[in-house]
1. With respect to residue A:292, determine if the residue is over 21 Å from residue B:326 (Cβ atoms), buried (at least 24 other Cβ atoms within 10 Å of the Cβ) and more than 8 Å from every other protein chain (Cβ to nearest Cβ).
2. Output yes when any residue across the range B:132-141 is more than 9 Å from chain A (Cβ to nearest Cβ), without any contact (Cβ under 8 Å) to a residue 24 or more places away in the chain and more than 19 Å from residue B:269 (Cβ to Cβ), and no when none is.
3. Somewhere in the range B:165-181, is a residue touching a Leu at 6+ places or on another chain (Cβ under 6 Å) and without any contact (Cβ under 8 Å) to a residue 40 or more places away in the chain?
4. Within the range A:258-281, how many residues are in contact (Cβ under 8 Å) with a residue 40 or more places away in the chain and either surrounded by fewer than 21 Cβ atoms within 10 Å (Cβ to Cβ) or outside the structural domain of residue A:315 (by TED's automatic domain parsing) (or both)?
5. Scan the range A:325-332 and give yes if some residue there is closer than 22 Å to residue A:16 by Cβ and more than 9 Å from chain B (Cβ to nearest Cβ), otherwise no.
6. Can you name the residue in the range A:182-224 that is surrounded by fewer than 19 Cβ atoms within 10 Å (Cβ to Cβ) and in contact with a Gly (Cβ under 9 Å, 6 or more places away or on another chain) and is also farthest from residue A:151 (Cα to Cα) among such residues?
7. Can you name every residue in the range A:62-96 that is within 13 Å of chain B (Cβ to nearest Cβ), at pLDDT 85 or above and part of a loop (DSSP other than H, G, I, E, B)?
8. Just give me the residues in the range B:237-278 being among the aliphatic types (A, V, I, L, M) and either under 22 Å from residue B:336 (Cα atoms) or in a helix (DSSP H, G or I) (or both), in sequence order.
Protein chains: 2
Amino acid sequence: MNIRFYHAKILVTGENKEFSILNGELWVENDSISYIGDGKELRNQKEDAVIFDREIDVEGNLLMPGFKDAHTHTAMTFLRSYADDLPLQEWLEKQVFPNEAKLTKEDVYYLAILGIMEYLTSGITSNFDMYNFPRSIAKASKDTGFRTVFCSGLNNFVSNLEELREDYNVINAMSPLTSFLPGIHAEYTTNQKLMEGLAKLAQELKAPVWMHNAETQKEVEECKARYGMTPTELTEALGFYEYGGGGYHCIWFTEHDFELFQKHDMTVVTNPASNLKLASGICPVKKFLDYGINVAIGTDGPASNNCLDMFREMFLTTGLAKVKEEDASCVSAEEVLYMATAGGAKAMQLPDCDRLAVGKKADLIMLDLKKPNMQPENNIVKNIVYAGSKQNVKMTMVNGKILYENGAFSIGFSEEEIYRRANEIINRIKG
Amino acid sequence: MNIRFYHAKILVTGENKEFSILNGELWVENDSISYIGDGKELRNQKEDAVIFDREIDVEGNLLMPGFKDAHTHTAMTFLRSYADDLPLQEWLEKQVFPNEAKLTKEDVYYLAILGIMEYLTSGITSNFDMYNFPRSIAKASKDTGFRTVFCSGLNNFVSNLEELREDYNVINAMSPLTSFLPGIHAEYTTNQKLMEGLAKLAQELKAPVWMHNAETQKEVEECKARYGMTPTELTEALGFYEYGGGGYHCIWFTEHDFELFQKHDMTVVTNPASNLKLASGICPVKKFLDYGINVAIGTDGPASNNCLDMFREMFLTTGLAKVKEEDASCVSAEEVLYMATAGGAKAMQLPDCDRLAVGKKADLIMLDLKKPNMQPENNIVKNIVYAGSKQNVKMTMVNGKILYENGAFSIGFSEEEIYRRANEIINRIKG
């Protein structure tokens with residue numbers, strides 16, 4: 001399908017994390033962007049003209065790269081607002097783990113689709129997911145047309161290295177929309193032998209490695225007690241990061257941890273809403289930037305957030321940095337928008353989805369600038385980060401296909417069916 | 001106009017900050033709620049039947065009290081995303097003050113309407129406003145049908161006690177939608193003589209008094225250096241709080257400040273997004289609750305936030321409390337929803353707008369529960385606070401009149417006109 005967008009403002013990502021706005025047209029041919037410019041070429045072309053299946057008047061609204069949700073557990077939608085305002089351990093041990101144990105792979109498929117619907121309403125075009133039943137999750141993305149990079153959550157209780165290798169092969173081959181990177185859940189849930197096995201496998205696959213890292217102070221202290229090293233030091237010593245990788249959360253970092261992330265060109269994914277709600281702490285985002293470390297942004301799962309909304313995460317990323325550093329000028333809107341788009345794409349090994357440019361994948365969104373929160377148009381980038389909301393998302397396109405437009409989904413499932421199934425699942429689990 | 005809402009979930013506010021959901025009908029007659037129940041009365045009534053002008057099928061969605069934005073500077077919409085990522089003093093002195101000086105009373109009227117439009121998209125039915133040209137602001141509310149409690153921002157540079165008294169009389173008499181309470185901008189902008197005059201006036205009017213209080217650490221230290229007292233101690237000693245009142249922000253409080261707020265049954269209005277963006281600090285909300293002090297929530301103005309979105313503020317109110325107290329169980333969703341509705345109404349002296357009940361003003365909103373972020377329906381109150389968004393606001397009614405419904409405004413002005421005027425104003429000011 002070929003689509004022409006005209007009368008558009010187009011957000012162009014520069015080489016130094018700066019953005020500019022171009023007024024003109026953007027064309028999509030099949031899964032990719034084939035043209036960005038003032039549209040003169042349309043009027044000049046004759047015999048080799050592109051035939052458009054659809055021409056969309058953007059009416060001066062904004063086309064921009066879709067957001068990358070760089071850390072999440074999508075299928076935890078079933079526990080959204082089920083257990084909140086609880087201490088972390090009680091939440092995990094009494095509410096999350098026992099209920100997760102009751103999920104089937106079919107449950108996870110439909111719960112992931114519910115999450116995908118919410119991503120689309122927030123202009124998110126791909127996610128970096130970690131959960132049980134990886135193939136159900138990848139199938140949900142393939143079937144709805146969403147893009148997912150799956151990260152294995154290997155630990156002592158679920159899965160093993162053989163299964164992980166199989167998932168790696170199956171999901172990387174399943175669809176152009178699905179890929180797989182190796183990871184462990186976290187140091188505190190994974191024994192040394194498993195970690196050593198994963199390091200070997202990652203080196204063989206020449207793959208980066210990911211994990212939850214330094215989300216809580218307790219986790220770091222316990223790791224130091226067990227190994228005499230921080231989680232970053234330990235996993236680095238075990239050979240995790242020969243091909244890079246990164247960590248989710250990364251709140252309680254030592255200077256040496258920062259240095260190791262810098263040395264291996266790793267990425268930190270910050271999850272500010274979850275870190276507030278679970279009282280985990282505030283990520284030192286400014287310090288990561290000062291070290292030149294790539295930063296991406298994730299929502300974390302809907303049980304700990306409870307929504308999948310990159311606008312809220314972007315505001316929190318800059319707002320929490322400002323209050324932590326006592327400096328209203330640090331971590332600018334431009335830096336944050338870069339994290340939420342290109343920074344995430346780098347983390348997820350999606351170099352073709354990082355920005356709007358000819359030849360890149362058509363993972364893009366349309367933001368409505370004609371809502372009161374976007375007026376007057378003093379500065380569109382600052383408006384997106386400081387004032388933007390799901391309400392501004394008019395359209396979400398993944399891989400050249402419009403999956404969400406003016407509040408309606410085109411994902412092969414009705415809203416009613418997905419809501420009904422999600423409610424049936426949680427009612428069955430509650431028993 | 002009489003309106004019948006049926007097939008509704010109705011959020012009922014209990015006596016102890018708890019909420020329950022009632023399935024049924026809600027009727028509005030003129031400006032008030034005339035009935036809440038299962039609708040049997042409709043079938044039984046005969047001769048004295050209410051004639052409805054409109055009957056709305058709520059389709060299982062939620063009716064709830066509108067949000068009260070308990071501290072804002074609405075007309076600062078013109079500076080939204082104009083000057084961000086700057087140190088506080090530079091922002092105020094180089095960007096805010098010089099540009100504000102160029103505003104006319106007509107500018108403020110239209111800029112306030114732009115803000116009112118955004119309130120409506122966020123389910124906000126009344127605001128507690130402070131800005132220059134009070135009568136322009138009150139007129140904007142009266143003309144659009146929005147409810148505004150105006151608080152004077154008396155200081156050394158703008159206005160005086162005579163003008164304040166006049167504004168008090170004019171705005172309180174202007175419309176059932178407008179009222180006026182006395183206040184000063186802040187201790188650091190107002191000399192002792194003016195403060196003494198205001199205290200006398202408030203005692204004469206038997207009115208509560210408000211001000212920006214302890215927003216920054218610097219402000220408190222400078223006040224202590226000037227007077228040997230905190231801003232709360234000073235204004236209390238000057239006689240501000242004989243009839244109650246409160247403070248905006250209230251971040252840097254001493255034990256004695258808490259005690260004084262408790263003693264005078266005062267309210268703190270927390271402004272979490274602004275406090276992050278300007279790096280002011282984190283309000284000790286849990287401690288205010290522990291003291292039994294009423295807490296309300298405000299967005300602050302769109303230059304320092306940059307949006308007028310009570311969903312973001314509600315999430316921040318609980319999230320920041322949790323991370324500050326290192327306790328994921330503190331300041332629950334229920335407590336926050338109470339602050340954003342009944343807590344605000346108490347602060348603003350709007351006892352008839354605090355909850356849905358027969359005889360109360362029809363300041364109410366409809367939230368769409370059929371969006372992915374509201375599914376499954378595990379707990380509606382927690383969903384509103386942790387996952388809700390402007391996207392869920394289907395309808396906003398103020399004083400019995402629907403001002404916003406399914407994305408369209410009924411306020412007597414077109415969106416295009418208000419956006420055009422806002423852009424013209426900022427372009428003229430930029431020069």
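The values are calculated or read from the model by the stated rules, or taken from the named source; none is laboratory data. Note that the structure is predicted; figures quoted are calculated from it, not measured. Note that we place each Cβ from the backbone using ideal geometry, even for glycine, and neighbour counts take in every protein chain shown.
1. Taking the combined requirement at face value, the residue does not satisfy it.
2. Within the range B:132-141, none of the residues are more than 9 Å from chain A (Cβ to nearest Cβ), without any contact (Cβ under 8 Å) to a residue 24 or more places away in the chain and more than 19 Å from residue B:269 (Cβ to Cβ).
3. no
4. Residues that pass the stated criteria total 2.
5. no
6. Only one residue tops the list, namely A:217.
7. A:80, A:81, A:82, A:83, A:84, A:85, A:86
8. B:237, B:251, B:260, B:266, B:268, B:269, B:273, B:276
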